[in-house]
Amino acid sequence: EDKVVQSPLSLVVHEGDTVTLNCSYEVTNFRSLLWYKQEKKAPTFLFMLTSSGIEKKSGRLSSILDKKELFSILNITATQTGDSAIYLCAVTTRDDKIIFGKGTRLHILP
Amino acid sequence: GAVVSQHPSWVICKSGTSVKIECRSLDFQATTMFWYRQFPKQSLMLMATSNEGSKATYEQGVEKDKFLINHASLTLSTLTVTSAHPEDSSFYICSDSLRTGRNYGYTFGSGTRLTVV
């Protein structure tokens, strides 16, 4: 059965800290791994990763994929209160399925 | 990037009635769209894959007679929750599907919060 496991499920840190969110997966016919940020409504896209070892970066956020060990991490440096959200990891397959992890609920304390 | 419009944003209905949720792709033709459901503090769960011009494909455990999906055109997919009950209260979201050559992920609609009273 295809599955995506995120850890930790929740995390509370102080503003300015750096956080690392984890996503491991077991799927057949892997195509890509996606990271989303969800605040009050629908998720917003962060990164799509298809190749191992190539870091994707956007401002204070970065992510990397390891297709051998079947995991990805999402790093957020110098966190701000606006980073408080649920971060969702999803994996897509070549037959166009998408499987979401349960998410990591991140709370940044001022 | 792609734009997906979902309507309504929220709806309250009486138990036993039906509710239709629309999902439109505004700047591209979507032969495939996905419908998800999200309970409070839980992740998105894929309900079904909506295919233009053919029957939807439902995930295991999703009642196809209760959650009717219609994808009559390349820009519109609809989800109708029939004979809604309070346990159907949830957040419903649609998305487009990943298309070859695009360098960003699925685009989600803004979601519909359904409350059945």
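Would it be correct to say that residue A:63 is touching a Leu at 6+ places or on another chain (Cβ under 8 Å), loosely packed, with under 14 Cβ neighbours inside 10 Å and under 23 Å from residue B:97 (Cβ atoms)?
no
Residues of region A:7-37 that are open to solvent by 10 Å² or more (accessible area, probe 1.4 Å) and within 12 Å of chain B (Cβ to nearest Cβ): A:9, A:10, A:31, A:37.
Residues in region A:88-110 that are under 18 Å from residue A:62 (Cβ atoms) and either of a type in the set (Lys, Arg) or more than 11 Å from chain B (Cβ to nearest Cβ) (or both): 2 in all. Where strands (runs of 3 or more DSSP E) sit wholly within region A:7-67, those with at least 3 residues that are without any contact (Cβ under 8 Å) to a residue 24 or more places away in the chain occupy A:44-49, A:56-58, A:61-66. State whether one or more residues within region B:21-39 are assigned to a strand (DSSP E or B) and exposed (fewer than 12 other Cβ atoms within 10 Å of the Cβ). No, region B:21-39 contains no residue that is assigned to a strand (DSSP E or B) and exposed (fewer than 12 other Cβ atoms within 10 Å of the Cβ). Only residues that are open to solvent by 20 Å² or more (accessible area, probe 1.4 Å) and closer than 13 Å to residue A:104 by Cβ were counted in region A:38-50, giving 1. Filtering region A:81-107 to residues that are polar (S, T, N, Q), open to solvent by 10 Å² or more (accessible area, probe 1.4 Å) and touching a Pro at 6+ places or on another chain (Cβ under 9 Å) leaves only A:81.
In region B:49-63 there is no residue matching the filter, namely being open to solvent by 80 Å² or more (accessible area, probe 1.4 Å), touching a residue at least 60 places away in the same chain (Cβ under 8 Å) and within 14 Å of chain A (Cβ to nearest Cβ). Only one of the numbered conditions (1) buried (at least 16 other Cβ atoms within 10 Å of the Cβ); (2) more than 21 Å from residue A:97 (Cβ to Cβ); (3) aromatic (Phe, Trp, Tyr) is violated by residue B:10, and that is (1).
Please pick out the residue among B:98, B:46 that is surrounded by 18 or more Cβ atoms within 10 Å (Cβ to Cβ) and either part of a strand (DSSP E or B) or modelled with pLDDT of 95 or more (or both). Matching residue, one of B:98, B:46: B:46.
When residue B:110 is tested against (1) at pLDDT 90 or above; (2) within 12 Å of another protein chain (Cβ to nearest Cβ), only condition (1) is not met. Would you point out the residue of region B:64-87, among those that are more than 16 Å from residue B:116 (Cβ to Cβ) and part of a loop (DSSP other than H, G, I, E, B), that is farthest from the other protein chains (Cβ to nearest Cβ)? Looking at residues that are more than 16 Å from residue B:116 (Cβ to Cβ) and part of a loop (DSSP other than H, G, I, E, B), I get B:65.
The values are calculated or read from the model by the stated rules, or taken from the named source; none is laboratory data. Computed from a predicted model, the values in this text were never measured in an experiment. We place every Cβ from the backbone using ideal geometry, glycine too, and count neighbours over all the protein chains shown. Just the protein is used for accessible areas: all its heavy atoms, side chains included, with ligands, DNA and RNA removed. Shrake-Rupley method; radii C 1.70, N 1.55, O 1.52, S 1.80 Å.
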